[in-house]
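In what follows, a single structure is set out as structure tokens and then discussed.
The values are calculated or read from the model by the stated rules, or taken from the named source; none is laboratory data. The structure presented is a predicted model; accordingly, all values stated were derived computationally and were not measured. Note: ideal-geometry Cβ built from the backbone for every residue, glycine included; neighbour counts use all protein chains shown.
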Amino acid sequence: MIARRSVLKGIGVGMGALALPSLARGQAAAHVVVVGGGFGGATAARYLRRGNPDLRVTLVEADERFVTCPFSNLYLGGLRDLDSITHGYDDLRAAGVEVVHARAEGVDAAARTVTLSDGSQLAWDRLVLSPGIDIRWGALAGYDEAAAALAPHAWKAGPQTQLLHDQLRAMEDGGTFVMVLPEGPFRCPPGPYERASMVAHYFTTEKPRSKILILDSQERFSKQPLFQQGWEALYPGMIEWVSQSDDGLVVEVDAAAREAVTGFGERHKADVLNVIPPQKAGAIAEAAGVTDETGWVPVRGDRFESALVPGIYVLGDATIANPMPKSGFSANTQGKVAAAAIIAELAGREPPTASFANTCYSLIGPGYGISVAGVYAADGGTVIEIEGSGGVSPLEVGPEFRRAEAEYGAGWYASICADIWGTRA
């Protein structure tokens, strides 16, 4: 299984490059605008230029440096610093991508323009949106933007991650860290449980009398037996997980009092309160008219073009792409498929056959990694998982296996950051 996961990691980074059609010489230069400089958008921008250097590609990203959600939990746990998960865009510029640091605030699909926060407009022949998530403010009673300044979600990496990091450092030994988790779908299904693991590691080394309480809106979670096995081995008695049926469903938050109120009326007092609220596609997706009643974006699985608005492609966490999870690895492979499809379409050819891979690595403690993997294909307009292609780490293995998975996770992060932003991590 270790060998299989290593192969899947390589497939995910390289498969899109193999799928890109050859350069169509002589075609008129087209302009592709990509909104969002994360795992999906930055990948699409790079591979559009790599697949057809005659294309004009403009990447619109508000932040000059991108902080990744993947590996941000390691920052919370004290195993990484913030610089190691922060990436710039100089290498993309060197590859010929025009990078504009502004917010995309409006899309006119009929006129094929994007309006930016500085008032300017960009005309496009094809538009790629990779906006990530936005928070459904108010969907959880008491949790709005003001509340997030007291009880951070840290589900969009950057200042929120730093706030949660600093609150954990300021907490006294013997305190309680309470996590409130939403019902799905949400960004990175294993992420909250890795976060609990990394905070437990920090507590074990710095604040060993502290406790972690997870109040979960779900009955079960990704890689649950593996996480719980690791918690028992590394942090016995420190982490308590409460499922929905056991009164884990939080219906109200009092951020000022640092309290979470469950459906049965129980009030849980926290010293540090981390609320991960309900989510939806990033705001520009709604502005572009590509979201449906769920708040997420339906796409064509063979190319990740919007199912609602032709000419607009949507990637990553914003999409409805089940059974692919909302992960950075998924967004990376989707970006490569979309780039290949756009290049072929502009050249008047059929897009190549779409295929995707994903591996979600999670770190429970130093040298203790677990993973879930899958390989996917397009079946008409949907995405399907290739039967027998993936799986999860086995339960009955020794410490060498767990160490190897932790190393594979670090290797995946270094490889994908080099692939997307040309940076070392």
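Somewhere in the stretch 211-219, is a residue surrounded by fewer than 18 Cβ atoms within 10 Å (Cβ to Cβ), among the small types (Gly, Ala, Ser), outside the structural domain of SER327 (by TED's automatic domain parsing) and without any contact (Cβ under 8 Å) to a residue 40 or more places away in the chain? Checking the stretch 211-219: not a single residue is surrounded by fewer than 18 Cβ atoms within 10 Å (Cβ to Cβ), among the small types (Gly, Ala, Ser), outside the structural domain of SER327 (by TED's automatic domain parsing) and without any contact (Cβ under 8 Å) to a residue 40 or more places away in the chain.
Can you find a residue that is more than 22 Å from TYR193 (Cα to Cα), of a type outside the set (S, T, N, Q) and part of a loop (DSSP other than H, G, I, E, B) anywhere in the stretch 355-373? Taking every residue of the stretch 355-373 in turn, none turns out to be more than 22 Å from TYR193 (Cα to Cα), of a type outside the set (S, T, N, Q) and part of a loop (DSSP other than H, G, I, E, B).
In the stretch 189-207, which residues are over 19 Å from GLU219 (Cβ atoms) and either in a loop (DSSP other than H, G, I, E, B) or not assigned by TED's automatic domain parsing to the domain that holds ARG258 (or both)? If you could, list the steps in order and put the result at the bottom.
Initial filter on the stretch 189-207 (over 19 Å from GLU219 (Cβ atoms)): 194-195, 197-207.
Across the stretch 189-207, the qualifying residue is only LYS207.
Once the stretch 235-254 is narrowed to residues that are part of a strand (DSSP E or B) and of a type in the set (A, V, I, L, M), the residue that is farthest from MET179 (Cα to Cα) is VAL251. Determine, yes or no, whether GLY96 is in the same structural domain as TYR75 (by TED's automatic domain parsing), in contact (Cβ under 8 Å) with a residue 12 or more places away in the chain, in contact with a helix residue (DSSP H, G or I) (Cβ under 6 Å, 6 or more places away or on another chain) and in a loop (DSSP other than H, G, I, E, B). Answer is yes for this residue. Of all the residues that make up the stretch 150-185, how many are without any contact (Cβ under 8 Å) to a residue 40 or more places away in the chain and either in a helix (DSSP H, G or I) or under 22 Å from the mean Cα position of the chain (by Cα) (or both)? Summing the residues that are without any contact (Cβ under 8 Å) to a residue 40 or more places away in the chain and either in a helix (DSSP H, G or I) or under 22 Å from the mean Cα position of the chain (by Cα) (or both) in the stretch 150-185 gives 7.
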